[in-house]
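Trainee: Can you read through this structure? Questions will come right after.
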């Protein structure tokens with residue numbers, strides 16, 4: 001038997017609007033939750049127009065769709081993911097199969113390349129494809145097993161239902177992050193920093209995965225059901241805690257030379273959604289841990305993609321540079337349910353840039369007041385617990401962009417304090 | 001044994017790695033020491049912070065010792081109560097098995113294992129992370145500290161008391177580790193400290209000592225001397241070699257040999273009698289072990305192996321227990337036997353045991369000769385002295401079978417005597433009840449000896465070292 005997708009009513013409305021508006025073929029992403037027992041689709045979003053494409057969007061651009069999917073998956077909290085793609089085209093459903101197949105494989109390849117968490121055995125590897133004929137409105141739903149490169153289309157059920165978005169439980173936590181990575185001695189290229197950070201993030205991700213997750217303060221047996229979250233239309237938040245323990249390292253040399261170091265220090269808000277049909281503690285833990293790993297990795301990645309982080313001119317001149325990672329801002333998928341999506345806001349961005357991005361990426365009409373920016377603050381470089389030595393040195397605060405050049409590290413990075421004390425700050429901006 | 005005093009005691013053992021990580025701006029001694037000390041201070045603050053969590057292994061019990069949060073249990077309950085929450089899926093774990101054993105005699109303590117964890121979550125809202133990049137040639141110190149604290153708590157102690165003691169021990173261990181790191185620092189070469197547990201004679205009991213890892217025992221004599229002074233221990237026998245480390249009752253010996261099977265036996269009661277026993281730990285070596293069919297000829301070899309295991313486990317020698325072949329080779333090397341002896345199935349006697357102990361272990365032995373087994377009954381005082389001053393297992397052989405004597409019960413007034421015998425002729429599996437109930441390890445009267453045969457006793461003398 002094939003998979004059976006239970007789809008939020010609004011998705012039907014969205015797709016039919018697209019059907020009536022557009023002439024050419026339209027592609028887009030399907031977003032929801034796939035578990036061994038059930039599959040839910042909560043959102044659909046069309047691929048944004050590619051103004052630079054050669055034929056003005058007449059044909060399907062695999063790379064463009066995949067890049068859209070990559071951006072969108074960064075905006076999905078734990079429990080929500082890009083499940084597959086849809087296409088609205090007048091061609092016969094059979095004729096679009098090859099295109100759809102290529103699309104889901106390409107999308108999945110790109111998204112999974114950014115993942116730092118380890119896939120589990122019970123992860124669903126089927127991706128959904130949906131063909132809609134704009135004339136007849138006939139929908140054909142098929143799945144491909146993404147793990148198997150030779151997989152063939154399997155028919156699947158596509159069923160609309162109202163209120164799919166409303167019966168979800170939310171598991172959330174705030175978590176401290178404190179990473180410190182040595183940089184190689186001959187650190188001349190940013191490439192090095194990216195690689196070092198990525199390696200450290202992988203180690204950290206494993207530590208998170210090994211962590212003990214507490215739900216409402218308790219260590220629950222794996223097969224336990226979450227008591228909360230089974231009522232409809234009630235915002236139910238289950239709070240989680242994570243206990244971690246470092247990995248036993250057996251490095252040959254306790255002390256090694258390095259050319260400097262990079263630290264990531266602060267805290268994040270993480271959340272994951274579970275459909276409230278008998279939600280299991282094990283699933284909640286898995287989804288939340290993945291969100292923790294993803295939200296940190298995404299932000300570090302985003303920062304590294306920023307031009308000024310890569311700015312070669314700064315290299316070698318500043319001994320210590322600080323960059324604020326973007327904060328996480330949430331937006332409800334529907335005003336009635338708990339489900340939300342998210343975006344990341346850099347300190348030089350306003351909320352209107354968030355709403356623009358929700359529109360562009362997820363085709364959501366969100367107003368600024370719909371955004372929930374209360375969970376995280378953008379870090380200010382705090383001068384806390386400055387010891388005598390450090391306070392003697394005047395910190396020069398320059399904030400031309402998002403980065404602050406400042407010598408006092410966060411109180412948590414005690415080791416850095418010692419270092420900062422002896423650094424001479426060069427500022428030439 | 002010391003353990004006998006502590007019946008129904010509970011050992012709380014807290015383990016968990018802590019990351020010691022810091023940038024060393026300078027590798028000159030003083031600033032480096034300062035940075036390391038500051039990093040240790042930060043770790044001590046970390047374990048004193050509210051995010052520190054003690055998780056009882058294989059159970060849902062969680063304790064936040066620094067904010068007095070006890071999940072699943074009440075802080076005023078006795079430590080023993082924790083056992084009911086511990087899942088025991090096999091015999092390896094402490095929990096129920098130890099509790100059951102409690103009804104029997106010769107009970108050792110039961111262990112509650114806890115892991116040291118840190119809560120990474122915190123209340124929101126939070127401040128998003130900052131990435132700091134420092135381009136500055138320096139050194140990174142990165143090590144994992146294997147924290148391992150054990151405390152002996154009596155059953156009347158509450159869980160809260162136990163945790164307080166553990167947390168004190170944890171902080172103390174961080175201080176000791178700092179001391180060891182700073183003491184052993186040579187340039188940029190640092191040694192990771194290693195906590196080891198030792199069960200000392202009363203009143204010390206179970207103590208934890210931090211030593212630099214990777215340094216062989218023979219280079220640590222100065223540290224040991226200091227420890228002997230600190231704990232007021234005699235300066236003529238090892239207490240703090242790695243071989244002396246305490247073996248927790250819930251950790252099975254991996255080599256498969258039984259340890260000290262005699263501890264489950266009931267001492268004979270003699271009028272005005274006293275018991276004199278082997279001191280410390282030996283393993284029981286007997287026929288058919290190690291895939292070696294020595295049934296009928298290997299009893300003295302096995303008795304010798306038991307003696308060697310004692311010297312190894314008391315820390316006198318690092319050499320492992322020799323095989324039959326190694327024993328034979330040693331006898332060839334000392335010129336006692338022809339080369340053809342190696343690989344043969346020939347018996348050896350007490351004199352050979354003495355020679356091998358001397359050659360392989362550097363241990364000298366006294367030989368006691370009795371021309372008739374009946375004379376053994378009058379050797380009570382000498383044997384009692386041996387067990388008091390040397391405390392080593394004694395090999396007895398001669399005209400007949402070889403045995404190991406582990407102790408005697410002797411009445412100075414009546415001269416009555418019983419011998420605690422470990423019989424190497426046992427061919428079965430390592431099954432303690434069979435061994436003790438069938439007398440393979442048991443108390444024997446003077447009639448145990450062949451009254452007319454001659455006997456040689458090899459009494460190994462322990463070296464006076466620490």
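Trainee: What's the FRET efficiency of residue A:203 with residue B:49 using the Cβ-Cβ distance as r and R₀ = 22 Å, to the nearest 0.05?
Mentor: 0.45
Trainee: May I ask you to derive the FRET efficiency for residue A:353 and residue A:210 from their Cβ-Cβ distance with R0 = 45 Å, giving the value to the nearest 0.05?
Mentor: My answer for the efficiency is 0.75.
Trainee: I'd like the distance between the alpha-carbon centres of the range B:131-161 and the range B:387-466, rounded to an integer number of Å.
Mentor: 47
Trainee: With an 8 Å cut-off on Cα pairs and a minimum separation of 6 or more residues, tell me the relative contact order of the range B:261-460 in percent.
Mentor: Taking the mean separation of contacting Cα pairs over the length of the range B:261-460, I get 31 percent.
Trainee: Please rank B:247, A:275, fewest neighbouring Cβ atoms within 10 Å first, as an exposure proxy.
Mentor: With the fewest neighbours first, B:247, A:275 line up as B:247, A:275.
Trainee: If you stretched the chain out fully between residue A:150 and residue A:277, how much longer would it get, using 0.36 nm times the residue separation minus the C-alpha to C-alpha distance?
Mentor: Roughly 42.4 nm would be gained on extension.
Trainee: A further question follows. Once you average over the residues of B:49-58, how many Cβ atoms of partner chains fall within 10 Å of each Cβ?
Mentor: Counting Cβ atoms of other protein chains within 10 Å of each residue's Cβ and averaging gives 2.
Trainee: With each label point set 7 Å from Cα along the Cα-Cβ vector, what nm distance links residue B:222 and residue B:38?
Mentor: My value for the distance between the label points is 2.9 nm.
Trainee: Relative contact order (percent) for chain B, with alpha-carbon contacts under 8 angstrom and 6 or more residues of separation?
Mentor: 15
Trainee: Give, in nm to one decimal, the length gained when the segment between residue B:71 and residue B:341 is fully stretched (0.36 nm per residue of separation minus the Cα-Cα distance).
Mentor: Roughly 90.6 nm would be gained on extension.
Trainee: For B:57, B:441, B:22, which order do you get if you count the other beta carbons within 10 Å of each Cβ and list the fewest first?
Mentor: B:57, B:441, B:22
Trainee: Mind listing the Cα extents of the range B:322-389 along all three principal axes, in Å, largest one first?
Mentor: That works out to 40, 26, 18 Å along the principal axes.
Trainee: Mean shadow of chain B, computed from the convex hull of its alpha carbons, in nm²?
Mentor: 27.5
Trainee: Under a plain spin-label model, where a point goes 7 Å from the Cα along Cα-to-Cβ, how far apart in nm are residue B:364 and residue B:158?
Mentor: Once both label points are built, they end up 5.9 nm from each other.
Trainee: Taking the Cβ-Cβ separation of residue A:218 and residue A:380 as r and a Förster radius of 51 Å, what is the calculated FRET efficiency to the nearest 0.05?
Mentor: About 0.90, to the nearest 0.05.
Trainee: Could you calculate the contour length gain from residue B:122 to residue B:168, that is, 0.36 nm times the residue separation minus the distance between their Cα atoms, to one decimal place in nm?
Mentor: Value of the extension gain: 14.1 nm.
Trainee: Could you work out how far the C-alpha centroid of the range B:255-323 sits from that of the range B:186-220, in angstrom?
Mentor: Here the answer is 27 Å between Cα centres.
Trainee: Beyond 46 Å, what share of the Cα-Cα pairs of the protein assembly as shown remains, rounded to the nearest whole percent?
Mentor: Result: 45 percent of Cα pairs exceed 46 Å.
Trainee: Here is a further query. Modelled label-to-label distance, residue B:255 and residue B:230, 7 Å Cα→beta-carbon offset: nm?
Mentor: 2.8
Trainee: Quick check: the angle from helix B:380-389's long axis to the longest principal axis of chain B, C-alpha only, nearest 10 degrees?
Mentor: Once rounded, one gets 20 degrees.
Trainee: Determine the distance separating the Cα centre of the range A:242-299 from the Cα centre of the range A:36-105; give it in Å without decimals.
Mentor: 29
Trainee: Return the average number of partner chain Cβ atoms within 10 angstrom of each residue Cβ along peptide A:373-379.
Mentor: Going residue by residue through A:373-379 and averaging, the value is 4.
Trainee: Mind checking the mean number of beta-carbon atoms from other chains within 10 Å of the Cβ atoms in A:262-273?
Mentor: 4
Trainee: Would you mind ranking B:282, B:246, B:253 so that the residue whose beta carbon has the fewest other beta carbons within 10 Å leads the list?
Mentor: Taking fewest neighbouring Cβ atoms as first place, the list is B:253, B:246, B:282.
Trainee: Which value at 222 nm does the protein assembly as shown reach when only helices count, each DSSP H run of 4 or more adding -39,500 (n - 2.57), with the total divided by all residues and rounded to the nearest 500 deg cm²/dmol?
Mentor: Mean residue ellipticity, 222 nm, calculated: -8000 deg cm²/dmol.
Computed from the coordinates by the stated procedures, all read-outs in this text should not be read as laboratory data. Keep in mind the model is a prediction, meaning the values are calculated, not measured. For neighbour counting, all protein chains shown are included, and Cβ atoms are generated from backbone atoms with ideal geometry for every residue, glycine included.
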